[in-house]
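For reference, the structure is listed below as structure tokens.
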Amino acid sequence: METEQLLLNMGPVHPSTHGVLRFKLRMDGEIIRDCQVVMGYLHRGTEKLGEMKTYLQFVPYTDRLDYIAAMPNNYAYVKAVEELAGIEVPERAEFIRVLCMELNRVVNHLVFLGSLLLDLGASTPIMYGFREREKALQLFEMLCGARMTFNYIKPGGVREDLPEGFIPKLNEFMKDMEKRVDDYEQLINGNEIFLLRMKNIGVISAEEAVNYGMTGPSLRGSGVKYDIRRLEPYSIYPDLDFKVCSYPEGDSYARYMVRIDEMRESLHILRQVADNMPPGKAATTQRYGIAPETGIPSSVMSYFPRIFTPPPGEVYSRIEAPKGELGFYVVSDGTTKPYRIKIRSPSFCNLVAIPSMIVGLKIPDLIAAFGTIDVVLGDVDR
Amino acid sequence: MEKGGFRVDPVTIDTTKIKTEKKEPETALEKLEDTGLISTLLAARERKGLVLLTTIDQVFNWARLSSLWPVTSGLACCAIEMMAVAMAHHDIARFGMEIFRASPRQADLMFVAGTVTKRMAPRVKLLYEMMAEPKWVISVGSCANTGGPYHESYCVLKGVDNIIPVDVYIPGCPPRPEAWLYGVIQLREKIKNEGYGAKWGLNK
Amino acid sequence: MWTGDGMNAYELIVSILYSIDVYDLLLDAFRSAGMEYALRVIIVLVELAVLFGFVLITVMFLTWMERKVVAMVQSRYGPMVTGPRGLLQPVMDGIKLIGKEDIIPAGADRWIFTLAPFVVFVAALLVFIPLPFGYSLIISDLKVGLLYIIAISAVSPVAILLAGWASNNKYSLMGAMRAVAQDISYTIPLALAAIAVVVFTGSLSTVDIVNAQSGTLFGIIPKWFIFITPLGFILFLIASIAEMGRIPFDFQESEQELVAGFFTEYSGMKFAMFFLAEYAHLFAVSGIVVTLFFGGWTGPVLGNIPVQITSLIYFLIKTYAVIFFAMWLRDTVPRVRIDQLLNLGWKIMVPLALLNLLFAGFVVTAGVI
Amino acid sequence: MNAAEELKQSFPESVTGVGLQTNKPLAVIKKEDLLMIAGKVKEMGFDNLSVVTGIDYVDHFEVIYNFFSYNNKQNLALKVILERENPAVDSLFSLYKVADWLERETYDLVGIRFSGHPNLVRILLPDGWEGHPLRKDYDMNKEQWVTIGEDGEDIVSTDGSGILRRK
């Protein structure tokens, strides 16, 4: 029988493209024959803006890249700047930073869990996920007063020390959360329909995944035990006990399971960090760079100049963000502003593999596979 | 009293005068007045239109403000807070707004939640045009209001009101869910004073 | 327990009028005017108006109930501001939708686009005709009631196809195609599961089916068909949820995949029609499940309350239990994929339904029941 | 001996310089030999291409490649120096599929052409956008507007009257 292929535009406004991504699909009935990803609907020119701002002014922009998990973005940029300028960070500040990042990893995976299940048609898990997220956000609010865009980690430390009563509240949250993760697993993993939708969907082999530049949980779902926290340790991660979760199947279900396990590992890390929080200052007291005389009174950032000039040079620094390898490539020319900032975002590179994963499958599978890649459009388009 | 360059006049407040006495309605007329019906009708008459039409207006306005169905269109960061508003903790469903319609044809309200880039702008406009009248727009967050932190960028629209009319602006980056709810309540107040009659110039 | 013939709603109205000594007067008045048929027409119209009003109120209540049940499952409140506990919410939604602009998209087939929601709505209403709400509370006890219900249910996919095709939208078209594929593969197990019940009763009439379920089995459990053919019940329930097009089988509108499915382009009152039809259908199908497997309106006799009222209450309780189950299911499980559903329908449910039919035939010939 | 020096030993002519990218070994190579050296780099076990980016140094362009090896836990950065006029370099798409989008992005924002790339079109900005924003001479004051044409494609123009409310 002669049939005609249907050209279907999914997005940029579509309930399950997680924002403003667009798929150009060539459909044979329900089956996807060709998929082309069109992006850039949220391209805000962050990299260009970085060239127009001072080093400190750029920190808030990093918040708005991956807005679900902003702390790791802060940290990745700050780490690059610190490496470039050779800034020493007190131990307590590193502990607080790791605490924030791991807490944010939990938040990110909660949102992932909810939105994945929502994409599959189950409307309830997202409510549960956001219920716990709200508690974590209250903790962030205690730290820095913001819910999503923190601007908390700065070169040389963190903006404010832990407030009073933070650690007990964190312990309370962790105690609650550990039970909740089990709940989610019970609620979701045993569901036959969920397994039908996830198993053997969007399969990608380990070699292909590496070649496509996938990183983070999406890569670990293909059985590659790769985690920058272990391979290229930074901050206090070498001293922490956690395992790298990975599943060999390479399908959507494996990618989902990796994140569930990671939530547990993050809670485990959080507990270690909270128990061993060292005393001391939460920010460096040394002065770095040549702070030009500006006349601006320094109030909040008294330990660190608002305007400083790292020595000329270039650096690429990467961390393990919740979505994968987040890297900042910063070039300094010795002035107060970065000469060039390049953001290597995990979502962008993970998305490359999508067309090869879903050709020959159906629209519902595209949504399931895309959901497990866990993409944030702010991070893709920058 | 000089303090920081501002002169503050001492003000004495007589607290006894603030208390207003609320009288229990006794007569039938007072009871009727207490329900607010008379004042509503008088207000309707003051609008110098047909009483019937204004009453229909009120019914429709009540219906409209009670069932504002938003269109599912998140653009950026604020969209995550939009999800947070819809979730159990803040529960926008209390206002009957939890029916997020994916199709703009069935929606009444558009949250422009996030940065509107130059490339997205015609799509947002198209989405707005696809919605059925009557429709409202709430611009959420600094980016949608003015361009916000991305004001200097080469590819960001400096305020969504450049392309579509906006009813309520909610500041913040992103606004807290409480601010969203406040914005929604402001829109409800605004809808109360709209109407067919007003639109057709009958009860102006 | 009641056995034997009840009346239908027409006869019930006549008998009520008769018992208060009005019917003869009316009949004489109309007869003297030579318009005896006019009285019959008026009574039928009253009957239909009551039915329509009942359906409308039920649908409104169901939308409210759905939102509240979802809220309950998701640990939140649901509509609270409009009216007490948000009870006025469906009324407000209705009024708002009346006042919405009615868009006919460019490139759409105007007439079919307009016609489709009415067909869906009317089909959903027609299912109520042979549905026994209670003892003698039935519009018409058709001798082929069950067949009629299955036949009428098959009309709505046609209307959905019309709607999807006329919208000139790719999502609508795909939603419509899915609806048709789904319906074809689900009407067969549905009908086969229902036929097993017919084998027991020997009649397609819904009243007969209900009457056959009065009495008890082994003296303890009620003689409902769910206890006699549990497999048939499960098949029928799954098939009817697929027929209703609710999660986990809501492919025709599946929001995350096809935006809003076949009614993507509909707005205002036409959209409201689909909305109404969906919930009317939900109620009707739940009523049929109750009629076939839960003994319909049967239940213990209570003192001297008229049996019409108690039976109606029993029927509503059972039906709302089934509806609650459907809503609960919707909030709990994700959606399956369309091809998985078709596989389930053709490869598993049809053979199982045939097996069930064989079992029913065996039981009846062996004279166990 | 780090990876960059190893590379220098194997290809003394192609590798013009060896240095450090703060803490990662860096090799500056001739642009003609990029594909060959990248092949060697992949053989050496560098299976992950993290970054491709271009930098505008006003008088010349630099293209940076950052590799990572999962098995050896090693880093390596390559740098290619291109002339200011019509910068072009070989595409690494045949070796690393991730280079597809990374190179498209570099082309889009910096304006470096990658010869041999199967589909070198703009990725973040719409087709028809004038200029490459991450170049230092990009005119930030020039307003460009996008409208939708047939089939949802973008049309770029400097005239905003098709979209703006107030003229």
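Values quoted throughout were computed directly from the atomic coordinates according to the rules given, and no laboratory measurement underlies them. Being a predicted model, the structure only gives us computed values, none of them experimental. Cβ atoms come from the backbone with ideal geometry, glycine included; neighbour counts cover every protein chain shown.
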Note down all Cβ pairs under 6 Å where the first residue falls in the range C:322-340 and is at the interface with chain A (Cβ under 7 Å from one of its Cβ atoms), the second is buried (at least 18 other Cβ atoms within 10 Å of the Cβ) and among the basic types (K, R), and they're at least six residues apart or on different chains. C:I338/C:R178
So if I check each of C:E243, C:E257, which one is more than 15 Å from the chain's Cα centre (by Cα), acidic (D, E), surrounded by 21 or more Cβ atoms within 10 Å (Cβ to Cβ) and in a helix (DSSP H, G or I)? C:E257
Counted residues, the range A:11-36 - those being under 22 Å from A:S347 (Cα atoms), more than 9 Å from every other protein chain (Cβ to nearest Cβ) and assigned to a strand (DSSP E or B): 5
Across the range D:121-148, the tally of residues that are under 24 Å from A:G11 (Cα atoms) and away from chain A (no Cβ under 13 Å) stands at 2
Do any helices (runs of 4 or more DSSP H) lying entirely in the range A:166-265 carry at least 2 residues that are away from chain D (no Cβ under 13 Å), more than 30 Å from D:G45 (Cα to Cα) and acidic (D, E), and which ones are they? A:166-184
Selected residue (criterion: farthest from the chain's Cα centre (by Cα)) from residues of the range C:293-318 that are surrounded by 11 or more Cβ atoms within 10 Å (Cβ to Cβ) and among the small types (G, A, S): C:G299
Got at least one residue in the range C:169-187 being small (G, A, S), away from chain A (no Cβ under 14 Å) and free of Cβ contacts under 8 Å to residues at least 60 places away in the same chain? no
Residues in the range D:107-115: is at least one surrounded by 12 or more Cβ atoms within 10 Å (Cβ to Cβ), more than 30 Å from D:A4 (Cβ to Cβ), touching a helix residue (DSSP H, G or I) at 6+ places or on another chain (Cβ under 9 Å) and not polar (S, T, N, Q)? no
Counted residues in the range B:71-81 being out of contact with any Ser or Thr (no Cβ under 9 Å at 6 or more places or on another chain) and not in a loop (DSSP other than H, G, I, E, B) come to 3
Restricted to the range D:56-88, and to residues that are crowded, with 22+ Cβ neighbours inside 10 Å and β-branched (V, I, T), which residue is nearest to the other protein chains (Cβ to nearest Cβ)? D:I64
Reported set for the range C:158-190 where residues are among the hydroxyl-bearing types (S, T, Y) and either within 17 Å of C:R335 (Cβ to Cβ) or assigned to a helix (DSSP H, G or I) (or both) is C:Y171, C:S172, C:S185, C:Y186, C:T187
Per-region count, the range A:125-156, residues under 16 Å from B:C173 (Cα atoms) and free of Cβ contacts under 8 Å to residues at least 24 places away in the same chain: 5
Which one is nearest to the other protein chains (Cβ to nearest Cβ), of the residues in the range A:126-165 that are farther than 25 Å from A:L113 by Cβ, crowded, with 21+ Cβ neighbours inside 10 Å and among the aliphatic types (A, V, I, L, M)? A:I153
Tell me which of these D:K30 doesn't satisfy, since it passes every other one: (1) under 22 Å from D:P133 (Cβ atoms); (2) more than 13 Å from chain A (Cβ to nearest Cβ). (1)
If you go through the range D:90-119, how many residues are more than 14 Å from D:Y65 (Cβ to Cβ) and assigned to a strand (DSSP E or B)? 2
I'm checking my understanding of the structure. Among residues of the range D:89-99 that are crowded, with 23+ Cβ neighbours inside 10 Å and within 9 Å of another protein chain (Cβ to nearest Cβ), which one is farthest from D:A38 (Cα to Cα)? D:V98
How about the range B:111-154: which of its residues are among the charged types (D, E, K, R), over 23 Å from the mean Cα position of the chain (by Cα) and surrounded by fewer than 22 Cβ atoms within 10 Å (Cβ to Cβ)? B:E152
Give the residue, chosen from C:F52, C:F113, C:F128, that is outside any helix (DSSP H, G or I) and either closer than 17 Å to C:F274 by Cβ or not aliphatic (A, V, I, L, M) (or both). C:F128
Looking at C:A29, C:A108 in this structure, which one is surrounded by 15 or more Cβ atoms within 10 Å (Cβ to Cβ) and farther than 17 Å from B:M97 by Cβ? C:A108
Could you tell me whether A:D63 is more than 25 Å from the chain's Cα centre (by Cα) and either crowded, with 22+ Cβ neighbours inside 10 Å or closer than 30 Å to D:G128 by Cα (or both)? no
Which residues, counting only those in the range A:184-215, are under 29 Å from C:L344 (Cα atoms), charged (D, E, K, R) and surrounded by 13 or more Cβ atoms within 10 Å (Cβ to Cβ)? A:E185, A:R197, A:K199
Residues within the range A:48-60 that are at the interface with chain B (Cβ under 10 Å from one of its Cβ atoms), over 18 Å from the mean Cα position of the chain (by Cα) and in contact (Cβ under 8 Å) with a residue 24 or more places away in the chain, tallied: 2
Looking only at the range B:88-146, count every residue that is assigned to a helix (DSSP H, G or I) and among the hydroxyl-bearing types (S, T, Y) and tell me the total. 3
Taking D:T16 and the conditions (1) assigned to a helix (DSSP H, G or I); (2) away from every other protein chain (no Cβ under 14 Å), which numbered condition does it fall short on, given that it satisfies the others? (1)
